[in-house]
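Participant: Here it is, the structure in full.
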Amino acid sequence: GKRINKRSDDPVGAAKVIRMTEELDSLIQFQRNNDLVTGSLAQQESILRNMTDTMNRARVLALQAGDGLLSDADRKA
């Protein structure tokens, strides 16, 4: 049921099939690369969010330590 069973059946058609197969392979690889980059960016975003939260917590603790409400033991902790 296929028009091209071997290259000699339709050389032009066979060349088109080869080009389309190569293009499809390129698109599949592009999708894989895109998936890897998307995952990497999501991981980096999570790390940056955690760093921001940590810095904000350190800022709050530093402000609390400087306002005189904490005891010496609390400030040392």
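The values are calculated or read from the model by the stated rules, or taken from the named source; none is laboratory data. Small disclaimer: the values here were computed from a predicted structure and weren't measured. As a convention, Cβ positions derive from the backbone with ideal geometry for all residues, glycine included, and neighbour counts pool all protein chains shown. Surface accessibility is based on the protein's heavy atoms, side chains included, excluding ligands, DNA and RNA. Shrake-Rupley method; radii C 1.70, N 1.55, O 1.52, S 1.80 Å.
Participant: Might you check whether a residue that is in contact with a helix residue (DSSP H, G or I) (Cβ under 8 Å, 6 or more places away or on another chain) and not in a helix (DSSP H, G or I) occurs anywhere in the stretch 45-68?
Facilitator: No - not one qualifying residue is present in the stretch 45-68.
Participant: Could you grab me the full set of residues in the stretch 8-66 that are within 30 Å of ALA77 (Cβ to Cβ) and open to solvent by 100 Å² or more (accessible area, probe 1.4 Å)? Spell out how you get there, then give the answer.
Facilitator: Step one: list which residues in the stretch 8-66 are within 30 Å of ALA77 (Cβ to Cβ), which gives 46-66.
Within the stretch 8-66, LEU48, ARG49, MET51, MET55, ARG57, ARG59, LEU63 meet the criteria.
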